[in-house]
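Chemist: A single structure is presented below for examination.
The values are calculated or read from the model by the stated rules, or taken from the named source; none is laboratory data. Given the structure is predicted, the values throughout are model-derived calculations rather than measurements. No Cβ is skipped: glycine too gets one built from the backbone with ideal geometry, and neighbour counts run over all protein chains shown. Ligands, DNA and RNA are excluded from the accessible area calculation, which covers all protein heavy atoms including side chains. Shrake-Rupley method; radii C 1.70, N 1.55, O 1.52, S 1.80 Å.
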Amino acid sequence: MSTTAMTKPRTPLRPARILLHLFLAGAALAWLAPLLWAVYAALRPYSETSEKGYVSWPDTLNFDNFTNAFTQSDMSHYFVNTMIIAVPAVLLTLFLSSMVAFYVSRFDFRLNLALLLVFTAGNLLPQQVIITPLYRLYLLIDLPGITMSGKLYDSALGLVLIHVAFQSGFCAFVLSNYMRTLPHELTEAALVDGASVWRQYWQIVLPLCRPAMAALATLLSIWIYNDFFWALVLISTGENMPVTSALNNLSGAYFTDPNLVAAGALLTAIPTLIVYFVLQRQFVSGLTLGANKG
């Protein structure tokens with residue numbers, strides 16, 4: 001048999017498929033355009049853009065704005081503040097929400113669905129609605145010797161708690177749906193062998209939820225890291241602010257260098273990209289694995 005006979009004929013490109021690819025390419029370009037423009041502006045000195053304008057051919061491209069943004073804003077200090085907030089918040093949210101998800105998905109009782117709805121309903125409340133009573137509550141709670149401020153207000157602990165409270169409902173909802181796809185025979189066999197409820201949760205169900213947990217960890221890390229609202233309202237001391245608030249240090253009272261701010265914004269985005277690329281495979285598998293089970 002000849003090689004020509006073995007090759008499959010190519011399917012002709014239909015106009016609809018060409019239009020689809022053109023639309024996807026245009027959407028990707030429109031999505032990347034602001035990021036590419038920020039990179040382009042950050043690589044140019046402000047003196048050049050103020051003279052020629054931002055829509056002009058560059059004479060100088062360097063990393064001076066990135067170096068100045070990192071040093072002038074004391075970004076390393078604020079990165080540490082963000083890690084102190086984000087890491088415990090992500091771990092606590094996943095731990096507590098997985099326990100709630102395990103309970104509502106593996107045990108049948110009358111208020112099963114109602115309990116899950118209560119946790120999920122918390123995500124429906126806009127942050128701006130509860131900020132006034134929450135602000136007053138934080139001022140009233142004294143924590144002498146636990147926080148540097150002596151109160152829940154103006155402390156990393158306060159931000160960790162509010163992130164856990166707001167994100168647990170969504171995580172419990174996702175994990176409960178994922179755990180329902182796991183065969184009940186696994187926990188029933190463990191129960192026959194004398195395994196306690198904690199052992200069923202910790203050694204049997206939770207390891208099987210690693211793809212979903214990795215996907216949620218990626219989302220939580222990005223959401224909590226990028227938070228600006230809670231830190232702006234519940235933190236008053238500049239040294240306790242997370243990295244998203246460090247960009248304010250790049251703005252002067254009478255003058256702001258947009259190129260410098262663009263460089264600082266790009267620097268703050270690097271950790272979220274690292275988290276996504278490290279957990280990319282688990283993130284994708286966590287999004288698709290539950291859909292393939294029926």
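Chemist: Inverting the mean 1/r over all pairs of different Cα atoms, compute the Kirkwood radius of the range 85-246 and quote it in Å. Walk me through the numbers on the way to the answer.
Modeler: Values: mean 1/r = 0.0578 Å⁻¹.
With all distinct Cα pairs of the range 85-246 included, I get 17.3 Å.
Chemist: Another question, then. Based solely on its DSSP helices, what 222 nm [θ] is calculated for the chain when runs of n ≥ 4 H residues each add -39,500 (n - 2.57) and the sum is averaged over all residues, nearest 500 deg cm²/dmol?
Modeler: That comes out to -21000 deg cm²/dmol.
Chemist: About the Cα centre of the range 85-246, what is the dipole size in debye to 20, counting +1 per Lys and Arg Cβ and -1 per Asp and Glu Cβ, all else neutral?
Modeler: Numbers: 7 positive and 8 negative charges, 34 e Å.
Here the range 85-246 has a charge dipole of around 160 debye.
Chemist: Over the chain, average the accessible area per residue using a 1.4 Å probe and give it in Å², no decimals.
Modeler: About 61 Å² of surface per residue is accessible.
Chemist: Among residues other than E239 whose Cβ falls under 12 Å from its Cβ, what is the net charge (Lys/Arg +1, Asp/Glu -1)? Please list the in-between numbers first.
Modeler: Details: positive: none; negative: D74, D154.
Residues close to E239 contribute a combined charge of -2.
Chemist: Based on Cβ point charges of +1 for Lys and Arg and -1 for Asp and Glu, what charge dipole magnitude is obtained for the chain about its Cα centre, in debye rounded to the nearest 20?
Modeler: 1280 debye
Chemist: In the range 85-246, what percent of the accessible surface is made up of carbon and sulfur (1.4 Å probe, ligands and nucleic acids excluded)?
Modeler: Values: 5720 of 8330 Å².
On the range 85-246, the fraction of accessible area on carbon and sulfur atoms equals 69 percent.
Chemist: Could you order the peptides 39-45, 128-134 from most to least packed, using the average number of other C-beta atoms within 10 Å per residue?
Modeler: 39-45, 128-134
Chemist: Can you compute log10 of I(q)/I(0) for the chain with the Debye formula, treating each Cα as one identical point scatterer, at q = 0.09, 0.12, 0.15 Å⁻¹?
Modeler: Reported log10 I(q)/I(0), two decimals: -0.66, -0.98, -1.21.
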